[in-house]
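Heads up, the thing below is written out as structure tokens.
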Amino acid sequence: MRILIAPNAFKHSLNAKEASKAIQNGFEQSHLDCICECFPIGDGGDGTGELIISHCEGIVISEEVFDPLMRTIQANYGLIDNKKTAVIEMASASGIRLLKKEELNPLEASTFGTGLLIKSALNQGVNKIVLAVGGSATVDGGCGILAALGVIFLNQKGEKLSCLPKDLINLTSIDITHLDKRILNCEIVILSDVKNPLLGENGSAKVFGPQKGATNTDVEFLEKVLINFAEVIYRQFEKGIVNLAFGGAAGGVSAGLAGLLNAKLVNGIDAFLSLTGFDEALKRNDIVITGEGSLDRQTLQGKGPFGVAERAKTLNISVIGLSGRVPLEDAEALKPHFDAVFVIGNEPTELKNAIENTTENLTRTAEQIANLLAISHKKMG
């Protein structure tokens with residue numbers, strides 16, 4: 001029996017590669033006669049870019065850029081498709097993982113470093129940029145990226161503003177005269193795992209701002225900044241960015257780049273699976289194992305395991321989901337998409353302990369699933 005192991009990351013615990021290995025270990029120490037193929041997945045969240053580069057056997061480029069607080073760091077991106085496509089991970093230069101908890105402050109955090117990675121990719125001669133935007137520390141609407149590419153933000157007096165949200169509240173016009181024209185001849189595809197719009201109760205500031213260190217007062221301020229930003233873009237360029245699906249991702253980066261650079265906003269897992277040749281891997285296998293930290297109704301809104309399950313179903317391949325948590329009220333909604341779902345916890349425990357034991361619990365649960373498959377296969381034989 002051939003087993004395709006394709007989990008997403010288990011948040012705060014294991015990345016997708018680590019989760020794949022833990023599941024593989026369980027199958028290999030079971031009674032099931034099987035061959036395992038690991039295919040860790042990403043849906044636009046932190047780690048997606050690295051996985052695309054790995055699956056596509058890309059070249060990794062290291063560049064000196066700035067972190068969200070404009071401190072010098074080394075960040076990586078990749079080249080695939082004969083060096084014609086750059087794969088850039090926002091989290092590499094503008095990620096929340098680069099900051100200490102006490103440093104989180106989206107009013108003073110910038111995506112400028114990610115813009116420098118894009119500029120480096122343009123210097124490599126690429127004609128397409130795939131940008132995975134999960135895990136950012138920023139709520140700047142992509143203004144840092146745009147500034148790195150030559151865009152200038154002006155106040156009512158025509159004075160240049162910084163690209164930080166704390167100053168962009170005074171934005172009245174945008175000067176694109178010095179924009180690096182190469183970017184306009186480059187296809188930009190933004191991968192996101194959330195469909196939130198730019199503004200409102202489900203928007204970037206109100207939903208994601210607190211995760212990045214914003215206080216209630218900060219959230220209201222950031223909402224005003226993004227409202228103003230959207231109004232300026234509409235007034236100058238006649239581009240509406242307020243209601244774009246995926247527009248609120250990564251602090252509004254998706255909306256900002258759609259408005260000024262014509263970026264395409266797409267469901268992250270669909271794009272990931274297409275880029276990495278996942279369908280070919282599916283055809284080689286009999287059963288798919290997927291999962292992430294929580295399988296719930298949000299999973300069904302386009303998260304990684306849902307994308308895997310939908311592709312598997314088109315080929316009539318069975319799908320098993322593994323998760324640290326499956327809310328009772330959501331279990332029924334998962335049934336049409338997953339043939340079986342297993343919670344990996346072994347006993348009542350605090351969240352901290354559950355996270356610490358994810359590797360062991362994944363391996364143990366995978367082993368028991370494989371043993372059940374072995375029994376079933378034996379009876380059928």
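The values are calculated or read from the model by the stated rules, or taken from the named source; none is laboratory data. Bear in mind that the values here come from a model prediction, so they are computed numbers and not experimental data. Positions of Cβ are backbone-derived with ideal geometry, glycine not excepted, and every protein chain shown enters the neighbour counts. For the accessible areas, the whole protein counts, side chains as well, though only heavy atoms, and no ligand, DNA or RNA atoms are used. Shrake-Rupley method; radii C 1.70, N 1.55, O 1.52, S 1.80 Å.
A DSSP coil position with no more than 11 other Cβ atoms inside 10 Å describes the following GluC sites (Glu not before Pro) in the stretch 7-76: GLU57.
Taking the stretch 41-165 as the region of interest, the number of lysine pairs whose Cα atoms are within less than 18 Å, with members eight or more places apart or on different chains, is 5. Helix 304-314 and the long axis of the chain differ in direction by around 60°, with both axes built from C-alpha atoms. Look at the Cα gyration tensor of the stretch 178-267: its axes a ≥ b ≥ c give a/c of at least 1.5 with a/b over b/c, and that counts as prolate. Once you order the gyration tensor axes a ≥ b ≥ c over the Cα atoms, which shape class does the stretch 1-127 get: rounded for a/c under 1.5, otherwise prolate or oblate by comparing a/b with b/c? Oblate, because a/c is 1.5 or more while a/b does not exceed b/c. What do you get for the angle between helix 16-28 and the principal long axis of the chain? Use alpha-carbon atoms, 0 to 90 degrees, nearest ten. Rounded to the nearest ten degrees, it is 0. Placing pseudo-labels 7 Å out from each Cα toward the beta carbon at LEU315 and MET70 gives an inter-label distance of 5.0 nm.
For GluC sites (Glu not before Pro), the sites in the stretch 166-238 that DSSP calls loop and that have at most 14 other Cβ atoms within 10 Å are GLU201, GLU238. Note on Cα Rg over 2.2 N^0.38 Å: of the candidates [x] 1.03; [y] 1.09; [z] 2.02, the value calculated from this structure sits at [x].
With R₀ set to 30 Å, the beta-carbon distance separating GLU360 from ASN127 gives a calculated FRET efficiency near 0.05. Here the average projected area of the convex hull drawn through the C-alpha atoms of the stretch 218-353 stands at 11.6 nm². The trypsin sites (Lys or Arg not before Pro) found in the stretch 55-101 that occupy coil by DSSP, while having at most 16 further C-beta atoms within 10 Å, are ARG71, LYS83, LYS84, LYS100. When a 1.4 Å probe is rolled over the protein heavy atoms, the share of accessible surface on the chain that falls to carbon and sulfur comes to 49 percent. Remark: the LYS181-LEU372 segment gains 62.9 nm on full extension, using 0.36 nm per residue and subtracting the alpha carbon distance. So for the stretch 88-142, what percent of the C-alpha to C-alpha distances run longer than 14 Å? The calculated P(r) of the stretch 88-142 puts 52 percent of pairs beyond 14 Å. With all protein chains kept in place, the per residue accessible area of the chain amounts to 45 square angstrom at a probe of 1.4 angstrom.
A simple spin-label model places the labels of ALA340 and ALA245 3.3 nm from each other, with each point 7 Å out along Cα-to-Cβ.
Rounded to the nearest Å, what's the spacing between the alpha carbon centres of the stretch 11-50 and the stretch 224-251? Just the number, please. When both Cα centres are located, 38 Å separates them. Placing a pseudo-label 7 Å from each Cα along the Cα-to-Cβ vector at GLU329 and ARG2 gives an inter-label distance of 4.2 nm. Measuring only protein heavy atoms, the 1.4 Å probe finds CYS56 accessible over about 40 Å². For the chain, the 222 nm mean residue ellipticity estimated from helices alone, with every DSSP H stretch of n ≥ 4 adding -39500 (n - 2.57) and the total spread over all residues, rounds to -11000 deg cm²/dmol.
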